[in-house]
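Engineer: Dumping the structure here so I can ask a few things about it.
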Amino acid sequence: MVYLGGGVDVAQRLRDLLTDEHLAVRVPAGTVEAIQSGVRRRRRTRIAGASAAVAAVVAVAAVVVGPLALHRPAKVPHGDLASTIRGVWKPTPFTFLPVQMSAPAAMAVSGGVVWVAGPAAGASGGDVLARIDAASRRVTTLTTGVVSDMAATPRHLWIALRRGPGGDGACSLELRETGRGDVVSTSPLPCDTGNGSAPVVTANGTHAWVASDDGHRTHLRLYTVGSSSPTTEAVLPGRLAGPHLLAIGGTSVYVVTLVPGEGGARLHQLSALDLQPLRTTAAPGARLIAYGNDQVYVAAANGIASYPSDLGARHDFAAGRVTTLTTGAGLVWCDPGGGTYTGLDPHTGAVVGVTTMPADPGGLLRADGTVLWDVEPAPQVGVRSAQPAG
C-alpha cells in the first residue's frame, strides 16, 4: 500500500481515476470527423435492429421510474430517454445456500468472492457464514458468532459481531482471510448492554473502520491487518443512528449519529487514516448511507439526498422510499417503492440502469465492479448476480 502526503492511497486513487467519467483521450484533428462519418454509415444499417432493443429498454425503464419521482438537475432532451440508459442488468439463476441458514443478515462481495451470513435455523448462539466462489458458484459454509455487518476486500473479510438475542456473547470484530475463511484475529468492541445499534464495519485495502455504540456515545475505530488493536479511535457524541450508516470514500470516513438536543441525526466526516473530525452536518431521518463518484448519498424516509465529499452542500437527489442503497458500476443503486433494483446517474438522479431482479423485503444488494449481487430470503436463501446485457 503506497500513500502520498495527506494519507492518499495511490492504488485506490488510480482505481478511482480509471472509470468512464475520468477517462479523457485527445483525438488528433480530422479524426473526429472521420469517426463520426463512419458511425453515421453504420447507424443507418443498424437502426432497424436497434429500435427493438431501445423499445425494450424504455419499457423496462417505464416500469421502474413509476414509483420514484426523480430530481434531474441536468435536463434530458424530450424523447431521448433511451440514450440515458446505460444498460439492462440481467440476472443469473439463484445459487441456493445451505438450508440451515434461515435468513440473510449481512452480505459482502469483493474479488470474485461473495459472503453471506445469517442465523442458523433453531440456533441462537451463532450464525452460518457462506462463502460463494463467483466463477464456479461453489458454496462452502463456516460458523461464526451473531453477525451484525460484514465488509470484504480481495484478501480479507471483516465481520462485526453483536450480542446474541438473549444477551449472550460480546461485540467484537473478527478478521478472516478470504482463501478459506480462516480466522486471523478477533478484537473486542465497545458495546451497548441494552438494545442499542449493533456494530457496523466498512473496509478498504488493509484497513477496516468500525462504529459501535456503548449506550451513550459512538466509538469509531480504525483497524489494520496485522494488529488486533485499533490503530486509532474517535469518540463521537450521540448514539449510533442505525445499522447501515457507515461508509468509506476517498480519504474520509462517514458515520451518522443521533445527538440529543441537536435536531436529530448528524452526518460526520472524519479523516480516514487518523479519524480527525473534518465536518459535521444535519442528516434528518438518515436510514442508509453510501459513497461513490466523490459523493455521499443518504436515504431517509421519503427520499435520497446527496452531499459532495466535503459535505459542503446538500441536494435532493431522488424522492421516494428505498430500503436498499449501494453504489457500483458508476451508478447509485436502490429499490424505488420496493420494486426492481434501479441504477441512477450519480449526478442527476436519472434512471440509467435497470434490472429485472425484484427487490424482496429482507434482501441485500452489493456491487463488485460491474457485477451486481443480490441475496434473497425466500423460499430458500439464494444468491444471484446480474451484469449488463450485451
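The values are calculated or read from the model by the stated rules, or taken from the named source; none is laboratory data. Source: prediction; values computed, not measured. Here the Cβ is made from the backbone with ideal geometry for all residues, glycine too, and neighbour counts use every protein chain on show.
Engineer: Do we find a residue being in contact with a Pro (Cβ under 9 Å, 6 or more places away or on another chain) and assigned to a helix (DSSP H, G or I) anywhere in region 337-348?
Structural biologist: So far as region 337-348 goes, yes, one or more of its residues are in contact with a Pro (Cβ under 9 Å, 6 or more places away or on another chain) and assigned to a helix (DSSP H, G or I).
Engineer: For region 269-280, what are the residues that are surrounded by 14 or more Cβ atoms within 10 Å (Cβ to Cβ), more than 18 Å from the chain's Cα centre (by Cα) and in a strand (DSSP E or B)? Walk me through how you get there before you give the answer.
Structural biologist: Narrowing region 269-280 to residues surrounded by 14 or more Cβ atoms within 10 Å (Cβ to Cβ): 269-273, 275, 278-280.
Add one more test, that the residue is more than 18 Å from the chain's Cα centre (by Cα), and what stays is 270-271, 273, 275, 278-280.
The answer is 270, 271, 278, 279, 280.
Engineer: So, in region 210-229, how many residues would count as being within 12 Å of residue 257 (Cβ to Cβ), among the aliphatic types (A, V, I, L, M) and part of a loop (DSSP other than H, G, I, E, B)?
Structural biologist: Result for region 210-229: 0.
Engineer: Here are some conditions: (1) assigned to a loop (DSSP other than H, G, I, E, B); (2) modelled with pLDDT of 95 or more; (3) charged (D, E, K, R). Residue 316 meets all but one. Which one does it not meet?
Structural biologist: Among (1) assigned to a loop (DSSP other than H, G, I, E, B); (2) modelled with pLDDT of 95 or more; (3) charged (D, E, K, R), the lone unmet condition for residue 316 is (1).
Engineer: Within region 350-370, is even one residue part of a loop (DSSP other than H, G, I, E, B), out of contact with any Cys (no Cβ under 6 Å at 6 or more places or on another chain) and closer than 24 Å to residue 281 by Cβ?
Structural biologist: First, pick out the residues of region 350-370 that are part of a loop (DSSP other than H, G, I, E, B): 350, 359-363, 369-370.
Keeping just the survivors that are out of contact with any Cys (no Cβ under 6 Å at 6 or more places or on another chain) gives 350, 359-363, 369-370.
Still in the list and also closer than 24 Å to residue 281 by Cβ: none.
The answer is no, given that none of the residues of region 350-370 is part of a loop (DSSP other than H, G, I, E, B), out of contact with any Cys (no Cβ under 6 Å at 6 or more places or on another chain) and closer than 24 Å to residue 281 by Cβ.
Every residue, every condition in (1) touching a Lys or Arg at 6+ places or on another chain (Cβ under 6 Å); (2) free of Cβ contacts under 8 Å to residues at least 24 places away in the same chain; (3) at positive phi; (4) not charged (D, E, K, R), yes or no:
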{"position": "334", "(1), (2), (3), (4)": "no, no, no, yes"}
{"position": "353", "(1), (2), (3), (4)": "yes, no, no, yes"}
{"position": "358", "(1), (2), (3), (4)": "no, yes, no, yes"}
{"position": "362", "(1), (2), (3), (4)": "no, no, yes, yes"}
{"position": "366", "(1), (2), (3), (4)": "no, no, no, no"}
{"position": "369", "(1), (2), (3), (4)": "no, no, yes, yes"}
{"position": "373", "(1), (2), (3), (4)": "yes, no, no, yes"}
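Engineer: Quick check on my filter: what residues within region 365-388 are hydroxyl-bearing (Ser, Thr, Tyr) and crowded, with 24+ Cβ neighbours inside 10 Å?
Structural biologist: Correct list: empty.
Engineer: While we're here: Where residues in region 137-174 are over 22 Å from residue 245 (Cβ atoms) and either acidic (Asp, Glu) or outside any loop (DSSP other than H, G, I, E, B) (or both), which of them is nearest to the chain's Cα centre (by Cα)?
Structural biologist: Selected residue: 156.
Engineer: Separate question: In region 182-225, which residue that is within 16 Å of residue 150 (Cβ to Cβ) and in contact (Cβ under 8 Å) with a residue 60 or more places away in the chain is farthest from the chain's Cα centre (by Cα)?
Structural biologist: If we take residues in region 182-225 being within 16 Å of residue 150 (Cβ to Cβ) and in contact (Cβ under 8 Å) with a residue 60 or more places away in the chain, then 225 is farthest from the chain's Cα centre (by Cα).
Engineer: For the structure I just gave you, tell me whether residue 390 is among the small types (Gly, Ala, Ser) and either part of a strand (DSSP E or B) or modelled with pLDDT of 90 or more (or both).
Structural biologist: For residue 390, the condition - among the small types (Gly, Ala, Ser) and either part of a strand (DSSP E or B) or modelled with pLDDT of 90 or more (or both) - is not met.
Let's see how each residue does on (1) out of contact with any helix residue (DSSP H, G or I) (no Cβ under 7 Å at 6 or more places or on another chain); (2) modelled with pLDDT of 95 or more; (3) surrounded by fewer than 20 Cβ atoms within 10 Å (Cβ to Cβ):
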{"position": "194", "(1), (2), (3)": "yes, no, yes"}
{"position": "198", "(1), (2), (3)": "yes, no, no"}
{"position": "202", "(1), (2), (3)": "yes, yes, no"}
{"position": "216", "(1), (2), (3)": "yes, no, yes"}
{"position": "222", "(1), (2), (3)": "yes, yes, no"}
{"position": "228", "(1), (2), (3)": "yes, no, yes"}
{"position": "240", "(1), (2), (3)": "yes, no, no"}
